[in-house]
Amino acid sequence: MSGLADPVERRFDRSDLNALRLENLPFLLGGLYLISLTATIAAFNAGAAESVWLIGIAITVATVGIAAVASRNATAGAVGLVLTLIVGWAVMFWNWPTESAANAPMLVVGVTGILFGARVTLGVVGLTAAISLAGQTAGYLDVGSAVEAVVAGCLGFCLSWLTARPTARALEWAWASYEDARAQRDSLRQQQGELRRVSKSLAETCIALEQMNQELERARRAAEAARQEKAAFAAYISHELRTPLNLIIGFSEMMVLSPESFDGERIPQSYRGDVEAIYRNACHLSNLIDDILDLSQIEAHRMALKKEPAVLADIVGEAISAIETMFRDKRLTLETDIAADLPVLLVDRVRIRQVLINLLNNAARFTTVGGVTIRARREGDEVLVAVEDTGHGILPSEVSELFQDFHQAGNAPQGHRGSGLGLAICKRFIELHGGAIWATSTPGKGSIFSFTLPINANVVPSPLREDWQTWYQVGTPQDRPTVLVVGERTEAARLFQRYLDGFDVLGVRNLDEAAIAARQRRPGAVVISGAETIARLDNERIPARLADVPFLLCPLELASDRRLLDGAAAFLAKPLNRDQLRAAIRRCAPAARNILVVDDDPDTVRLLTRMLRSISRRYRIQCASSGDEALALLRDRQPDLILLDLVMPTLDGAGVLAAMQSSAHAAAIPVVIVTGKTRDEPIRAPFLGITRRNGLSVGEIMKCAEATVHALMGQDGATGQGPRAAPAA
């Protein structure tokens, strides 16, 4: 306990304890007054000596006087009380040394302890002892009485100290607790003030954050609008550039490769190099436009992957066939190291081939000695493909920026810089497949461009054939859910095939065929894509086999170019070359002799005419500069094939196709669309409905509503924008 005393005493003010002790003075004076008055009356009635009851009267009077003094000064009153008790006891003890008088110091010491504490009490003990010893010396007291009085005083001190000490310590602890509580109260008040300031600051910060969120939302909307405008601008510019580029590439190609199409007149040899340079640079510009369009379509979420089972070695072979001339001209080696145990992949082979061609093209541009090796192996659930060259290498500071838009390596050889879009497009194509792409390089030793493709079994089979036989090419289809797409037009099924990874999408023409298909594999859902079928749909028309299957009502509104394709045999985008035109003719009308060219641009008509003559001298070619003129020619004579432009004044290509479809004799004529207009318009649906013959439960409705809200909010978290248009297939 001594360890607690020091810090407690340092914080406890003893003047407060003394004041508390002096508060007992009125009670002590009252008690002394009653005792003295009662004793005086008793002594007087008992016939005691006069000196006895006179002493009692004196003590009673003194008590009244002390009370008067104490009313002005408590300390003086307490001192007077103690002195009165000492004097009264001494007189009585000296004159009547009885046993009671000998024990009276215990009372005197106790009262002193109550009023003044241990130190003053100890002094009173010494004073009573001195009075006792003085009385014995003077002969008033015998030794036994004197000793008894001294012992009584000491015993009274001990009892007073033992009684007062716990009380004093409890008071000290209580006081210390009070001070601690007061300090904590002050601290809490200070903290409360801090909390109020922090709360106010947080409220201001919250308001600022809300304003920033609003600004960010406005900025996001502005960025989205700018992105859409950029995509629209890219599509518009590409259309405007394709026609002149088509003429530049087409005529320069014909002048270099097919001079016989100019009635046997060859260009001078001195011009040939210049024409070849024009042709190469025009092709480069055309490739740049295609890259920009691909990039804008990916950013606009319109780029869909047409995934199909593919052997990676075949894709690598196709890429090598397209690029091997460049390697042969530069005398570079081109080797492959492809593992034999690679599984069949579910990829868009055109896009993966484009990635490989871009990587090989970059490797060839940066390599002057040695060559390039394409390696492929399986690593876990992925296939790792690496294109390794022995070229100049790339600076370490530029490796992390290679896949950014329009970035060009600073150490590229003079005249070998590209557009800076090839690697950016590669990155997006690989990420659309769920893979990753990266590069490592050592300057002076070469570079390695690597990418991964996930291995999965969610292969989308082809639509159902007439005999309802599906193509099982890879994986285990029974482990994947099946979605039936009902519609007369196969384009809707192709659209869902591209976007529904993880599902077997089967196309059927009507509900009866859907019921037949359900006998082989129970579908998880049925999509009704035709507005006419939706209009006729009711519970009675739903086959019993599909009673528990949910139906998605999604009437697709196809873009204008898509509707044109339904009436056309092929679509050729400008700029086109002679090989593309020859392939389209062989595919659509291999026996064609009479060909009608319809285009409002006379230069394009002249170019197509030269291309056709270079392909075959047997073609008889007619030309029309407008849709009306083309229809007039069709009434007089039916060609075997029509090359039709889409954008023309008055009656455009859409009008020509519509008129041909309504004519019995013209509807069978194959039409090849030749236009600079790209097919990047979005496919939309006016609504999306969900139904089932047996109805939907509340839980199913809420889950569908939640999923729909999340889907329409999208990754951007935007609301109020309306549903985003479905991407073009």
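The values are calculated or read from the model by the stated rules, or taken from the named source; none is laboratory data. Just so you know, these numbers come straight off a predicted model, no measurement behind them. Cβ sites come from the backbone with ideal geometry, for glycine too, and all protein chains shown count toward neighbours. Surface accessibility is based on the protein's heavy atoms, side chains included, excluding ligands, DNA and RNA. Shrake-Rupley method; radii C 1.70, N 1.55, O 1.52, S 1.80 Å.
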**Asked** Out of all the residues in region 184-200, is one or more of a type in the set (Lys, Arg), within 30 Å of residue 289 (Cβ to Cβ), open to solvent by 90 Å² or more (accessible area, probe 1.4 Å) and part of a helix (DSSP H, G or I)?
**Response** no
**Asked** Take the residues of region 614-651 that are open to solvent by 60 Å² or more (accessible area, probe 1.4 Å) and within 54 Å of the chain's Cα centre (by Cα): which is farthest from residue 243 (Cα to Cα)?
**Response** 650
**Asked** Mind checking which pairs have a first residue in region 75-103 that is closer than 15 Å to residue 135 by Cα and in a helix (DSSP H, G or I) and a second that is open to solvent by 40 Å² or more (accessible area, probe 1.4 Å) and among the aromatic types (Phe, Trp, Tyr), Cβ under 6 Å, 6 or more apart or different chains?
**Response** 94/140
**Request:** Scan region 168-182 and give yes if some residue there is under 30 Å from residue 102 (Cβ atoms) and out of contact with any Asp or Glu (no Cβ under 7 Å at 6 or more places or on another chain), otherwise no.
**Result:** yes
**Message:** I need a count of the residues in region 572-613 that are open to solvent by 40 Å² or more (accessible area, probe 1.4 Å), touching a helix residue (DSSP H, G or I) at 6+ places or on another chain (Cβ under 6 Å) and under 16 Å from residue 670 (Cβ atoms).
**Reply:** 1
**Fill in**
Per the list (1) more than 15 Å from residue 153 (Cα to Cα); (2) open to solvent by less than 30 Å² (accessible area, probe 1.4 Å), residue check on residue 96 breaks on (2)
**Prompt:** In region 19-27, is there at least one residue being at pLDDT 75 or above, in a helix (DSSP H, G or I) and open to solvent by 30 Å² or more (accessible area, probe 1.4 Å)?
**Reply:** yes
**Message:** Against the condition under 16 Å from residue 375 (Cβ atoms) and loosely packed, with under 15 Cβ neighbours inside 10 Å, how does residue 325 come out, does it pass?
**Reply:** no
**Asked** Of 104, 76, which residue is over 17 Å from residue 33 (Cα atoms) and aliphatic (A, V, I, L, M)?
**Response** 76
**Message:** Suppose the filter is modelled with pLDDT of 85 or more, of a type outside the set (Phe, Trp, Tyr) and open to solvent by 10 Å² or more (accessible area, probe 1.4 Å); does residue 547 pass it?
**Reply:** no
**Request:** From (1) part of a strand (DSSP E or B); (2) modelled with pLDDT under 75, pick out the condition that doesn't hold for residue 572.
**Result:** (2)
**Prompt:** Of all residues in region 114-142, which are closer than 17 Å to residue 82 by Cα and either acidic (Asp, Glu) or in contact with a Lys or Arg (Cβ under 6 Å, 6 or more places away or on another chain) (or both)?
**Reply:** 115
**Asked** If you go through region 500-529, how many residues are in contact with a Phe, Trp or Tyr (Cβ under 9 Å, 6 or more places away or on another chain), in a loop (DSSP other than H, G, I, E, B) and over 19 Å from residue 553 (Cα atoms)?
**Response** 0
**Item:** Leading residue by the ranking (farthest from residue 337 (Cα to Cα)) among those in region 378-398 that are in contact (Cβ under 8 Å) with a residue 12 or more places away in the chain and small (Gly, Ala, Ser)
**Value:** 393
